[in-house]
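Chemist: Take this structure first; my questions come after.
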Amino acid sequence: MSFSDIVERIKGVRGVTEVVTSRSALFITATADALKPLAMEIYQIMGGFFRTCIGSDERSINNCFAIYYIFGLDDRGLNIVVKVYADSKKPELPSISDIVPASDWCEMEARDLFGIEFTGRASYRLILPHGWPNGVHPLRKDYSYDSRPVTRAVSERLTLVDTISTVPIGPYHPALHEPEYFELYIEGERVIDVKYRGFHVHRGIEKLGESKLTYQQVNFIAERICGICGFEHSTCYAQVVESAAGIEVPERAKFIRSIVLEIERIHSHLLWVGVVAHLLGYDAGFMHTWRIREHVMTLAELLTGSRKMYGLNLIGGVRRDIDLSKKEKILEVLDTISKEYIELASLMVSIPQVRMRLKGSGVLYKEDARKLSVVGPVARASGLRRDVRKDLPYAAYRYASFNVPVYDDGDNFSRLMVRLDEIKESISIVKQLLDQMPPGPIKVEEFIVPEGVVAISAVEAPRGEDVHFIITGHGRPFRWRVRAPTYQNIPALKHMLKDQPLADAPLTIASIDPCFSCTDRVLVIDSSGSKRTLKLGWGLG
Amino acid sequence: MTYGPVLVSIGLASVLTLPTLLDGVERKLKAAIQSRIGPPIHQTLLDLTKLFRKELVLPRESMHTLYMAFTYLSLSIVAISSSIASIALGSIELFTASVILLSIIQAIHIAMPFTTYNPFSIVGASRELVLAVINESALLITVGLAILVNPLMSPPSSWRSTYFLLLLELLIVSYIASGRTPYDIAEAEPEIASGWLIEFSGPLLGVIIYTNLLRKAMVKLIVGIVLAGLTTGYGSMGLLLSLIAMTLLWVAYTVASTIVGRSRVDVAPKTMIFIHTTFITLLIVTHVLGV
Amino acid sequence: MKKNPLSLLTIASSKGRVTKRYPFEEPLMTSEFRGKIEIDESKCIGCGACVNACPPNALELLSSSGTKTLRYFIGRCIYCWRCIDVCPVGAIKGTREFELATDDVSDLYELLIHEEAKCSVCNSPYATVRIVRYVATRSPSTEGYVSMDPKCRQEKFVKAIEMRFGGLSA
Ligand code: SF4
Ligand code: SF4
């Protein structure tokens, strides 16, 4: 299917009112009736993936609510954004979750936070706590950032079924030490169903966003969305604003971003390998992986000023350069870790318990992975060749040649192997980029961000693709939405845990390398709806 | 034998204190293998002192735990004393009694979490139960055979392959009974079953930890006693050898458990049944054939 | 590379111990580490540029009668050093200090008090004395205006224009 065919097919759907094309995206405006046929066309016929959907309160501009659905045709590096308006008095849209199962969560998120109802599906509360009053939708513009509704604590024991036993996992620290709650229903030692309740760490950063934050400040908060792969979020945010404002980032800055992104991937994967060793009772493996990881952490500090929370990105470039002595240090560290980690990885795989427990457990079949549009190593371990670095190249990835490791078994072992292989690739990417790094400035100092522009950016984080979506506003985003990779992967856990032994459950949960605080993230940073003329036309990203 | 009581007291004193230090050695050794500095060797002693200084907190709705903990402690002391006495004095009856007591102690060890009403400790304990039933049967059979082949606790005139097999099987049984990886599945899946000790704290936890150490020492001591019976015979040399064997085994088990991972709860019993039946069959066959 | 579980022992012995007896030994830290900031009292002019840039609101400019206080709360600081980037007079310096835990929260506040300049016309406070001096030395031509608050300044300016064009209110 050629590009013009795609445009033609989409234009052919009844109810599509506008199609705007740009370099890497196709922006479509459609009526509510066209939503399902469009989803069918893009998701089922063209084989696109679903990135997320975003609610937005645009009543101050066009007297409507709106939802943006982002699809991705990965194989041709194209984003397709479908915008649908919903009535301001009684916002209601047809649900597409029957066609696109991956849209389940984002629809519920829009329902919780904007009060947009979705017809044709079962609705439930996803994000707001159960004690939150009905009809209060915190992301609407008429909800001021400092109002605190009266909430009452409600016990959230999900379902009590007498005939089967329930094993609660969490809410304190399932697998990784973050607050989420799983309820496993078991028969004997088999898991027969799973319920998930998350979003306990909703950090309400929108308050800050509405009262204080500026475009540059948001960057530092964006980095704090995730404690392990924050730099991906800050890069993704910087890129989305740069794309909205049409800022040309200097090449050298792009190289530095890619290099640091890969360094972060190495430390993140090593962290995960350590955690898995620990869950397998192989604590020596845990300690030694983290010993190796420590070299990477120190290196990150040398390059950025901090082991974690690098604070390196600004909109327009980066803040610290990589000079010759730092370059040498990077090469030296990469040499040490590549030797040491290959040694340790082959050792770990030789431990009988490690092999036995990972092989064949927590299987996610390719069809399920596709249906849920899972991302990152989880997708690649289930035979889906998806990697934003290849599909929608950003920063300096087009200058590096690397493989995207794909395994077909979909089990925990495949997910381990994907990550082990990726460490190798990352080391090679960093070396290649260091060799080719062009001289020049590392940031653009002056720029203006026009208002009312829509842009999307995606970055391949260690856990999968991060997606940032923005509608620019006056001095700060009008709407900023973050979709962390784990948000996309958690729904797949249901498939992975079902019919598996209970003993494998924590391991399987850990195998998606969940980052719950990412998933719960900040939800949104919106500006207050003060008087302003905002024309929400399509920005050309 | 007038020095008998003296010998027993010395043996007893060392077997009651050594385990805390050996646990410290275990922690230090583990740390070394993991490239860490690790705690000082007397850390376990410090931990216990600290626990005994805290207030007594009982698990919810449960006085049983307290009674059980003290039965656990006193039975362990009795068991370990009688095994020390058995090798010092050459009494196979005392040895038999101590092994039977050990089984009872293992049973209490498993039963204790059931008094706490905590789902996690109960999950942990029920997992342990499966393992223990298999392993304890193997222990009793093997020790029975040991008594059969060397009832006098004195060195035989010539060595037979039965003896080697016997020691080997005893080693396996005692390794598993000491609750180390890959068979520490009561502690398994750290987040689902956060170990069965989860409900205990303060002096109660101290008593349980200390008794556990005694139990761990005891399962190693048994191997040492059978070995001593077959080599040096009973008496002061036998006692010394059993204590040395216990110490060395502690170190060896530590290294072994550090370099492997944990088995899965449903796989562990299967592998265990396989190993035990193979060994016991071989043992009986060689014994009957007299080779 | 084929390995077996025992090779862990060789790895361990070749690597030795990597942990440190911190705090008795030097912490692992590179020359590039960003720690707490230090504001040079003699240089700061109280302009508030750092306050506007600080992402977590660790720096605040508080007004009270006759003074403007720049307050640095270490408890909120994320050590991003954005304040250093934006300070027009280079008053802020980064340090490598990070051992900042304390049992007294007042240790975490640093205050820098500026005298407030009063408008020469209406006598209401509008900036710090030092800003006024700073602006005056930087661009002497503004001298006639710099001693007033923005409102009076605007009025004076409007009057001047009106006068030039023959306005009535001369
Ligand atoms: S930016 Fe510099 S001069 Fe201005 S208030 Fe801050 S420290 Fe003082
Ligand atoms: S270092 Fe960053 S957080 Fe701390 S005061 Fe400066 S700008 Fe604020």
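Chemist: Mind checking whether some residue in region C:26-36 is farther than 30 Å from A:Thr336 by Cβ, surrounded by 14 or more Cβ atoms within 10 Å (Cβ to Cβ) and near ligand 1 (Cβ under 10 Å from one of its atoms)?
Modeler: Residues of region C:26-36 farther than 30 Å from A:Thr336 by Cβ: C:36.
This time we only want the ones that are surrounded by 14 or more Cβ atoms within 10 Å (Cβ to Cβ), so: C:36.
Filter once more, so that each one left must be near ligand 1 (Cβ under 10 Å from one of its atoms): none.
So far as region C:26-36 goes, no, none of its residues is farther than 30 Å from A:Thr336 by Cβ, surrounded by 14 or more Cβ atoms within 10 Å (Cβ to Cβ) and near ligand 1 (Cβ under 10 Å from one of its atoms).
Chemist: Hey, another quick one. Kindly establish whether A:Ala222 is in a helix (DSSP H, G or I), within 14 Å of chain B (Cβ to nearest Cβ) and modelled with pLDDT under 95. Even if it seems obvious, please write down each step before you answer.
Modeler: Values: in a helix (DSSP H, G or I): yes; within 14 Å of chain B (Cβ to nearest Cβ): no; modelled with pLDDT under 95: yes.
Against the criterion (in a helix (DSSP H, G or I), within 14 Å of chain B (Cβ to nearest Cβ) and modelled with pLDDT under 95), A:Ala222 does not qualify.
Chemist: Taking into account only those residues within region C:70-92 that are farther than 19 Å from C:Tyr134 by Cα and more than 14 Å from every other protein chain (Cβ to nearest Cβ), which is farthest from ligand 1 (Cβ to nearest atom)?
Modeler: Of everything passing the filter in region C:70-92, C:Gly75 is farthest from ligand 1 (Cβ to nearest atom).
Chemist: Any idea which of (1) in contact (Cβ under 8 Å) with a residue 40 or more places away in the chain; (2) assigned to a helix (DSSP H, G or I); (3) within 14 Å of chain B (Cβ to nearest Cβ); (4) buried (at least 24 other Cβ atoms within 10 Å of the Cβ) is the one A:Ala244 doesn't satisfy?
Modeler: Only one criterion is unmet by A:Ala244, namely (3).
Chemist: Which one of the conditions (1) away from every other protein chain (no Cβ under 11 Å); (2) away from ligand 1 (no atom under 11 Å from the Cβ); (3) surrounded by fewer than 15 Cβ atoms within 10 Å (Cβ to Cβ) does C:Asp40 fail to meet, given that it meets all the rest?
Modeler: Only one criterion in (1) away from every other protein chain (no Cβ under 11 Å); (2) away from ligand 1 (no atom under 11 Å from the Cβ); (3) surrounded by fewer than 15 Cβ atoms within 10 Å (Cβ to Cβ) is unmet by C:Asp40, namely (2).
Chemist: I would also like to ask the following. Would you check if there is a residue in region B:273-283 being in contact (Cβ under 8 Å) with a residue 40 or more places away in the chain and of a type in the set (Ser, Thr, Tyr)? Reasoning before the result, please.
Modeler: In the first step, residues of region B:273-283 are kept if they are in contact (Cβ under 8 Å) with a residue 40 or more places away in the chain; the result is B:273, B:275-276, B:279-280, B:282-283.
Remaining after also requiring of a type in the set (Ser, Thr, Tyr): none.
Looking through region B:273-283, none of the residues is in contact (Cβ under 8 Å) with a residue 40 or more places away in the chain and of a type in the set (Ser, Thr, Tyr).
Chemist: Can you name the condition, by its number, that C:Tyr126 falls short on among (1) surrounded by 17 or more Cβ atoms within 10 Å (Cβ to Cβ); (2) within 16 Å of ligand 1 (Cβ to nearest atom); (3) in a helix (DSSP H, G or I)?
Modeler: Against the list (1) surrounded by 17 or more Cβ atoms within 10 Å (Cβ to Cβ); (2) within 16 Å of ligand 1 (Cβ to nearest atom); (3) in a helix (DSSP H, G or I), C:Tyr126 comes up short only on (3).
Chemist: Residues in region A:406-428: is at least one β-branched (Val, Ile, Thr), free of Cβ contacts under 8 Å to residues at least 40 places away in the same chain, over 21 Å from A:Cys515 (Cβ atoms) and part of a loop (DSSP other than H, G, I, E, B)?
Modeler: Yes, that holds for at least one residue.
Chemist: Name the residues in region A:440-460 that are in contact with an Asp or Glu (Cβ under 9 Å, 6 or more places away or on another chain) and within 20 Å of A:Asp321 (Cα to Cα), would you?
Modeler: Answer for region A:440-460, where residues must be in contact with an Asp or Glu (Cβ under 9 Å, 6 or more places away or on another chain) and within 20 Å of A:Asp321 (Cα to Cα): A:Gly440, A:Ile442, A:Val444.
Chemist: Considering only residues that are hydrophobic (A, V, I, L, M, F, W, C), within 14 Å of chain A (Cβ to nearest Cβ) and in contact (Cβ under 8 Å) with a residue 24 or more places away in the chain, which ones fall in region B:235-271? Talk me through it step by step, then tell me what you get.
Modeler: To start, the set of residues in region B:235-271 that are hydrophobic (A, V, I, L, M, F, W, C) comprises B:237, B:239-241, B:243-246, B:248-252, B:255-256, B:259-260, B:265, B:267-268.
Next cut, within 14 Å of chain A (Cβ to nearest Cβ) only: B:255-256, B:259-260, B:265, B:267-268.
Scanning region B:235-271 gives B:Val255, B:Ala256, B:Ile259, B:Val260, B:Val265, B:Ala268.
Chemist: Let me ask another. Give just the number: which of (1) assigned to a helix (DSSP H, G or I); (2) open to solvent by less than 40 Å² (accessible area, probe 1.4 Å); (3) away from ligand 2 (no atom under 15 Å from the Cβ) does C:Cys50 not satisfy?
Modeler: Result: C:Cys50 fails condition (3) only.
Chemist: Given the criteria in contact with a helix residue (DSSP H, G or I) (Cβ under 9 Å, 6 or more places away or on another chain), open to solvent by 50 Å² or more (accessible area, probe 1.4 Å), within 10 Å of ligand 1 (Cβ to nearest atom) and in contact (Cβ under 8 Å) with a residue 12 or more places away in the chain, does C:Leu61 qualify? First the steps, then the outcome.
Modeler: Values: in contact with a helix residue (DSSP H, G or I) (Cβ under 9 Å, 6 or more places away or on another chain): yes; open to solvent by 50 Å² or more (accessible area, probe 1.4 Å): yes; within 10 Å of ligand 1 (Cβ to nearest atom): yes; in contact (Cβ under 8 Å) with a residue 12 or more places away in the chain: yes.
Against the criterion (in contact with a helix residue (DSSP H, G or I) (Cβ under 9 Å, 6 or more places away or on another chain), open to solvent by 50 Å² or more (accessible area, probe 1.4 Å), within 10 Å of ligand 1 (Cβ to nearest atom) and in contact (Cβ under 8 Å) with a residue 12 or more places away in the chain), C:Leu61 qualifies.
Chemist: Here is a further query. Which of the residues that make up region C:105-121 are open to solvent by 30 Å² or more (accessible area, probe 1.4 Å), away from ligand 1 (no atom under 13 Å from the Cβ), part of a strand (DSSP E or B) and among the acidic types (Asp, Glu)?
Modeler: C:Glu115
Conditions tested, residue by residue: (1) assigned to a loop (DSSP other than H, G, I, E, B); (2) within 30 Å of A:Arg319 (Cα to Cα); (3) more than 16 Å from ligand 2 (Cβ to nearest atom).
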position	(1), (2), (3)
C:Leu8	no, no, yes
C:Lys20	yes, no, yes
C:Phe24	yes, no, yes
C:Glu41	yes, yes, no
C:Leu62	no, yes, no
C:Arg76	yes, yes, no
C:Lys93	no, yes, no
C:Glu99	yes, yes, yes
C:Asp103	yes, no, yes
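The values are calculated or read from the model by the stated rules, or taken from the named source; none is laboratory data. This is a predicted model, so every value here is computed, not measured. A quick note on method: Cβ atoms are made from the backbone with ideal geometry, for glycine too, and the neighbour counts reach across all protein chains shown. These area figures cover heavy atoms from the full protein model, side chains too; ligands, DNA and RNA do not enter into them. Shrake-Rupley method; radii C 1.70, N 1.55, O 1.52, S 1.80 Å.
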